[in-house]
Amino acid sequence: MNSLVEALIEGIISEDKQSKKKIVGMFGGGFKPPTSGHLEVVKRALQENPEMDALIILVGSGTRDTVTQSDSIAIWNIYKKHLPNKVKVMASPDNKPPIGAIYSYARKNPDKEIYYFVGAREGNEEDFKDIAIRTASLRKGNHPNIKVKEIVSKGAVSGTKARKALLAKDKETFLQFLPDIPEVDKIWDILTDVVEERISFKPEFDETEVEFIEDFADDKMQPDVDIDLSGQHFFDRLNDPRNYPDIEPHELEDFFEKLADKKDEFIEFLKKYKEVVAKDKETNINIPFMKIANKAIAKTIMRKKNFLSQTPILPLEEGRYDAEVTMISRMVVNVFKDTFGKKYEDKFEDAGELRDDTYDLETYFYPTPFSELGPIPFIVNAAGDEDGIAIQVNYNPDSFPKAYNELIPELKDAIRHELEHTAQGRFDKGVKSDGTNQDDLPLFDYLTLDYEIPAFVQGLYKKAKTKKITFTKALQDFLDERIEELTPDEEAKVKKIYTDYAKKNLPAVQLDEADPKKGTGKKPKGSGRRLYTDEDPKDTVGIKFSTKQDIVDTLNKTSFKNKSHARQSQVINLIHQRTRAAYGRAKKPEVKKRLKTALDYITKRKEASKAKTQRLKKQKANENIAPNHDQKSSPYGSGYKPLKEELAPHIISLTQFMGSNGLNLKPYPKVKFIDNDAENSQNIFGKTAYYDPNQQIVALYTMGRHPKDILRSYAHELIHHHQNLNNKLDHSQTTNTNEDDALDKIEREAYENGNILFRNWEDSIKNQ
């Protein structure tokens, strides 16, 4: 152990003129991150060994799933506030593993008695086996002045699950691994990208959105029951910041879809009890309903895992492994975003859990140029066995962020598919992979392997729920993407096999009804090859897309040309989707070349169709110009066009830039957008921004302002945040710089440094 550590330890131990040996306790580990279990070990060690002169916590080097050594030390220093002064925290010297540092110190200090503390979870045999391995050399007498002290705790010592929740940005779950202390939010801030995590760029629910959700729910539940979401308490609670993460509209759509699956049970609950709490076990959203006549009135809403109520609870069960797929997909997407644009390969041990048995996750993200990937935005490949799953994404960075809407359902499909194979390898499910390589079989033979059928069906079922389409539609899309590799007869057989499996094993699966007889004017649901209308049974457009000429012929049909522009856009988008998918799946060079030509052509037609759509929208808008806008489009930040989404990446970039240029900004401030203060926007001396040092909030007024001007204000307020964290922010009793010299100095620094750093950041962006 180096001289610095030696000096620190000697400084901790009070000078005792007596001859007794000084006792130094040591507790070492990676602590990525330190959990409530780790803290419990320290508290128990102090309680059971009061004779110690000092207790040293040694934090190992390295990074685990974004948690660094400095992060862990910072958290331990927070825990120290709740521990005696004899406890000190330090990095393991010379990047040695903590156990090596402890042994080294013991050898160099034979006059001291070393208590080597190791933690074990109560009832966990693996922990005790691990302790036996780690302390094997001590039993040989190599270090006679070291005594092993086992501390058995009930806490979750391992940080594996904590890191899993951290990567998934699941704050509620993560906080369960921390001790009950006031500083837990500060710990979360240390471990997350706070700018990204704490700025809420999503506008709050408004009455229009709530009305939309209510109509959606009514459509699902009527005529049996009328859903009422009009209560003020429901609306206020919907936007309550205590809901973490924010409740999203799509989550409420999912909620009422699940409730519709249990409509009969829901109605029986209301008849019997007059009140019922519907709980989505996947999202932890709870809505208490009260029955009045034919109405089910929502009293409130909250996202809470352990929601307690005297009212009977109706659980809305997710599908098998749904919660696991949600957690892993969030983790994959967050890592993808964090490493975007870079080649990234990593393995996350014990990333997930099936039946209390952990599995590993491997991720491979490869930015791929257009020349290799072609016009498709990404390709997802995956593999799974009893050890875990691997996800590979080749992607064109220029296609994002728009492509996220397509990527997420595809990832969930792949993850659910491979989890089925992991389960097959671990549990008795009647089928198990024999290791056959897909490339060694014709596609039909591969798709109909006994162990692939449940994996494909479960994946498609998850994809269908994510995209809010029927299983029939998801299956048809899947088959259409493989149209070049399947004969019509093979396609029909796969469709029947997968549908039959879904009917038997997925009770809640949504299937389209069979096509009605010709001439009835009914719309066949879920057809992927043609577009229909109820107006005329002959209103169909047959499409082909194997070659460029097929597409040209399709778009030259009278049945296509007679359609409205909106209808034509539907057809073009469908052809583009199918062609792109077929191109992505094709392996033979000649097939890929042919489909590439077809895809290039339909892509141009799609862009032309989009341009026409925009022209028509603009024309319509000019016919219905909003009042008080002087025949002009609404200005930035006026409320008609919120800037939050547009500004988000620039705020993150600017914060990182200023932090890397000497400013102390951690913990990062919260950011609040004020986009509806019309009176302030008309006042020539109105506010542009302000900083609240008590809550560490930067507030930005956006109405009528250019985005660059808003960012410049943000840079100014970041200087105030830096001043506050460094105790330089004088809390003046006036806002007049002519009355307070200290305030004048503070503001001068903010104007000068904020503006020059903003200009430096702007120039760095332009030079890129």
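Quick note: the coordinates plus some simple rules give every number you see, no bench work behind them. As the structure is a prediction and not an experimental result, all values here were calculated from the model. Heads up, the Cβs are rebuilt from the backbone with ideal geometry, glycines too, and the neighbour counts pull from every protein chain shown.
In this calculation the C-beta distance from LYS263 to THR448 is compared with R0 = 35 Å, giving a FRET efficiency of 0.50. Taking other Cβ atoms within 10 Å as a rough exposure proxy, ARG578, ARG107, ARG237 sort from fewest to most as ARG107, ARG237, ARG578. Taken as Cα centroids, the range 228-284 and the range 552-622 sit 40 Å apart, rounded to the nearest whole angstrom. With R₀ fixed at 56 Å, the C-beta to C-beta distance from LYS468 to GLU122 puts the FRET efficiency at about 0.80.
Each Lys or Arg adds one and each Asp or Glu takes one away; over the other residues whose Cβ falls under 13 Å from the Cβ of TRP761, this sums to +2.
In the calculated pair-distance distribution of the range 26-108, the portion above 16 angstrom amounts to 50 percent of the Cα-Cα pairs. On full extension, the segment bounded by VAL431 and GLN614 gains 60.7 nm, given 0.36 nm per residue less the C-alpha separation. Taking 0.36 nm per residue of separation and subtracting the Cα-Cα distance, full extension of the segment from SER309 to GLU646 would add 117.2 nm. Note that the range 608-616 has calculated 3J(HN,Hα) couplings of 5, 5, 5, 4, 5, 4, 5, 4, 5 Hz, one per residue in order, obtained from phi through the Karplus relation 6.51 cos²θ - 1.76 cosθ + 1.60 (θ = phi - 60°); glycine and proline are x.
Taking a ≥ b ≥ c as the square roots of the Cα gyration tensor eigenvalues, with a/c under 1.5 meaning rounded and otherwise prolate when a/b beats b/c, else oblate, which class fits the range 207-317? Taking the square roots of the gyration eigenvalues as a ≥ b ≥ c, the range 207-317 is rounded.
What full-extension length gain, to one decimal in nm, is calculated for ASP111 and THR66 as 0.36 nm per residue of separation minus the Cα-Cα distance? 12.2 nm is the gain from fully extending ASP111 to THR66. The equivalent ellipsoid that matches the C-alpha gyration tensor of the range 262-315 spans semi-axes of 18, 11, 10 angstrom, in descending order. By the Stokes-Einstein formula, at 1.002 mPa s and 20 °C, the range 383-451 with its Kirkwood radius over alpha-carbon pairs has D equal to 155 µm²/s. Against the 2.2 N^0.38 Å scaling, with N counting residues, where does the range 561-610 land? I'd like the Cα-based Rg ratio to two decimal places. Relative to the 2.2 N^0.38 Å estimate, the range 561-610 comes out at 1.24. Among HIS38, HIS143, the ranking by other beta carbons within 10 Å of each residue's beta carbon, starting with the fewest, stands as HIS143, HIS38.
A simple rule links phi to the HN-Hα coupling: the Karplus curve 6.51 cos²θ - 1.76 cosθ + 1.60 with θ = phi - 60°, which for the range 397-414 gives x, 5, 8, 10, x, 4, 6, 4, 4, 8, 5, 4, x, 5, 5, 5, 4, 5 Hz, with x for Gly and Pro.
Sorting ILE190, ILE551, ILE328 from the fewest to the most surrounding beta carbons within 10 angstrom yields ILE190, ILE551, ILE328. Which residues in the range 685-727 have a backbone N closer than 15 Å to a point placed 7 Å from the Cα of ASP185 along the Cα-to-Cβ line? Within reach of a label on ASP185: 692-698.
With a/c under 1.5 counting as rounded, go ahead and sort the range 644-767 into rounded, prolate or oblate using the C-alpha gyration tensor (a ≥ b ≥ c being the square roots of the eigenvalues; past the cut-off, prolate if a/b is larger than b/c, else oblate). Oblate, because a/c is 1.5 or more while a/b does not exceed b/c. Taken as Cα centroids, the range 20-35 and the range 314-393 sit 36 Å apart, rounded to the nearest whole angstrom.
On the basis of the beta-carbon distance and an R0 of 60 Å, GLU150 and THR603 show a calculated FRET efficiency of 0.35.
Looking at the range 276-430, the DSSP beta bridges with both ends there are about 70 percent antiparallel.
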